[in-house]
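Laboratory data are not the source of any read-out in this text; all were calculated from the coordinates shown. Note that the coordinates shown come from a computational prediction; the quantities given were computed from them, not determined experimentally. Note that we place each Cβ from the backbone using ideal geometry, even for glycine, and neighbour counts take in every protein chain shown.
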Amino acid sequence: MRLTIKSEELRDDLIKRVEDLSRQGLLECYQCGKCSAGCPVVNEMDIIPSEVIRLLQIGQLDEALNSKTIWVCASCLQCASRCPKGVEFSNICDALRQMVLRKRLSIPRVDADEVSAIMVSDAPQMGVVGALRKLNG
Amino acid sequence: MKIPYYPGCTLHERALDFDVSARECAKAVGVELEELPIWTCCGAVFPLVSDSVMEILAPVRNLSYAAREGDKVVTLCSFCYHVLKRANKVVRDDPEKMEKANLFLRADTDAREEIESYTKEDYEGQVDVLHYLEMLRDVVGYDEVKKKLRRTLDGLRVAPYYGCMLLRPKKEMEFDDPEQPSIFEEFLETLGCDVVDFAMKTECCGGFQIVADEDLAVQCSRNVVGSALKNDAEIIVTTCPLCRYNLDKKQHEMEKSVRGFKKIPVVYFTQLLGIALGIGGEHIDFSDNYVDPRPVLAEKSLL
């Protein structure tokens, strides 16, 4: 990964927007990695949770917004539960998803028209509603 | 004793086995679960972003319906419990959001007043949200439950699966210790079960990701099932219809990907309670289970 760090992007408005939306202080994180260690889907992520926070700390919002990571999170809140500094990565993840979904910056991970018929007829409603709300917006 | 009850969408339809067994068990321990006369979907997931008022409207509206019936509301589904409890906390702790939510509720009331004779009372967090397990422990009392049992489930090796939504985040859910919870174990001990501790009891089953990425969710649920099996559990109990779906029905997929995979039944805690209370027949229905729990229950002479 080749990154260009610009001083004016370190704490720009969009990074502050992530902090406002998630109600988390990105600079609280000291990179211990417990969020990543406890995450049940970390092996499916392209950038692990603690790395996403690090990228945001150095102003690399696009890297975070374009990651697969934010779409495989199941909002199980284990990362938030284990953080010794009380940083809730789950909320940061939700903020990043919302930033993408509200502006339709990419195709939603779940399309209502493409949820399989088996799922609609077989899965608990809460699963279908939950997936559409978290991953479609 | 009558307690207002919020079933939620899934228990109203796809998890009737959970709803019916819970209502019957409540009767047997002296509680009449009174379904709210009006209720809607709670929204299933809680918004983790700070600016969302829209997403707490559904749960707050349901809480305002509950407020007309009493000072508490009981629910069973882990997602409903999670969403109602957190939305309730938002109303209690955030006056600005409470006011905004009530603006919507008042608009609702004005529009529908004539047909449904709504009261115009604001919702200010006056209802306590209780999980059915909390009702058994704190309102009825596990000792009272024990007195009502017709049989104990001796020798049945049961793994209590908590999942995520009951426990986390601890400071809002205030349900139990997120790493070492015990309410489920105490419940199962009350029934006389042999409680099996296992490492993955508070890990995620994959949740709603089952809709977006089945392989991802099955990988999660396989870890949970494997962990319970490793500790020689004979049956897994859960409080959540989505966990039940991912852990039970997806064993069909686990069989394909794990050589020599041993299946294990997954049931709702109210179904085991029902058996111990001597409730039978159509009220304890296992026809929706992919892995049939009846052979192991029969082996222990519990059917």
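Over the stretch B:1-154, what is the relative contact order in percent, taking alpha-carbon pairs closer than 8 angstrom and at least six residues apart?
Details: 191 pairs, mean separation 38.9, N = 154.
Here the relative contact order equals 25 percent.
Sort B:Arg23, B:Arg106 by Cβ crowding within 10 Å, fewest neighbours at the top. Don't jump to the answer; show the numbers that get you there.
Values: B:Arg23 20, B:Arg106 14.
Ascending number of Cβ neighbours within 10 Å: B:Arg106, B:Arg23.
Among B:125-137, A:34-46, B:56-68, what's the highest-first ranking by average C-beta atoms within 10 angstrom per residue?
Working: B:125-137: 21.2, A:34-46: 18.8, B:56-68: 22.9.
So the peptides B:125-137, A:34-46, B:56-68, ranked by packing, come out B:56-68, B:125-137, A:34-46.
What average number of partner chain Cβ atoms lie no more than 10 Å from the Cβ of the residues making up B:2-15? Don't skip to the answer; put the middle values down first.
Values: counts 0, 0, 0, 0, 0, 0, 3, 5, 7, 3, 1, 2, 7, 3.
Partner Cβ neighbours, averaged per residue: 2.
Give the aspartates and glutamates reachable from B:Lys249 as a straight Cα distance under 19 Å; neighbours fewer than 8 places away on the same chain don't count.
A:Asp122, B:Glu13, B:Asp17, B:Asp19, B:Glu203, B:Asp213, B:Glu214, B:Asp215, B:Glu234, B:Asp285, B:Asp288, B:Asp292
Of A:Lys68, A:Lys16, A:Lys85, which has the largest mean-square fluctuation in a 10 Å C-alpha GNM of chain A?
Greatest mean-square fluctuation among the candidates belongs to A:Lys85.
With the crude spin-label approximation of a point 7 Å out along Cα→Cβ, what separation in nm comes out for B:Lys100 versus B:Glu189?
Result for the modelled spin labels: 4.5 nm.
Length gain on complete extension for the stretch B:His12 to B:Glu282, per 0.36 nm per residue less the alpha carbon to alpha carbon distance?
Details: separation 270, 0.36 × 270 = 97.20 nm, distance 1.64 nm.
In short, 95.6 nm is gained.
With springs only between Cα atoms under 10 Å, which of B:Val73, B:Val20, B:Val49 fluctuates most in a Gaussian network model of chain B?
B:Val49
Please compute the net charge surrounding B:Val140, taking Lys and Arg as +1 and Asp and Glu as -1 over other residues with Cβ under 14 Å from its Cβ. Walk me through the numbers before you get to the answer.
Numbers: positive: B:Lys2, B:Lys27, B:Lys72, B:Arg137, B:Lys146, B:Lys147, B:Lys148; negative: B:Glu32, B:Glu134, B:Asp138, B:Asp143, B:Glu144, B:Glu186.
Within the 14 Å Cβ shell, the charges total +1.
Which of B:Tyr162, B:Tyr81, B:Tyr290 has the fewest other C-beta atoms within 10 Å, and how do the rest follow up to the most? Each step should come with its number before you reach the end.
Numbers: B:Tyr162 25, B:Tyr81 28, B:Tyr290 15.
Least to most surrounded, the residues fall as B:Tyr290, B:Tyr162, B:Tyr81.
For a 19 Å ceiling on Cα separation, which of these pairs sit above it: B:Lys2/B:Lys27; A:Lys6/A:Lys103; A:Lys16/A:Lys103?
On the way: B:Lys2/B:Lys27 10 Å; A:Lys6/A:Lys103 24 Å; A:Lys16/A:Lys103 17 Å.
Violating the 19 Å limit, Cα to Cα: A:Lys6/A:Lys103.
For the Cα atoms of chain B, what angle does the longest principal axis make with the long axis of helix B:16-28, in degrees from 0 to 90, nearest 10?
90
For the stretch B:196-263 and the stretch A:47-63, what is the separation of their C-alpha centers, rounded to whole Å?
About 31 Å separates the Cα centre of the stretch B:196-263 from the one of the stretch A:47-63.
So which residue, out of B:Val211, B:Val45, B:Val74, gets the largest mean-square fluctuation from a GNM of chain B using Cα contacts under 10 Å as springs?
B:Val211
May I have the count of lysine pairs in the stretch B:71-196 with C-alpha atoms under 12 Å apart, counting pairs 8 or more residues apart or located on different chains? Write down the numbers at each step before the final one.
Numbers: B:Lys72/B:Lys85; B:Lys85/B:Lys170; B:Lys85/B:Lys171; B:Lys89/B:Lys97; B:Lys89/B:Lys171.
Going through the stretch B:71-196 pair by pair, I get 5.
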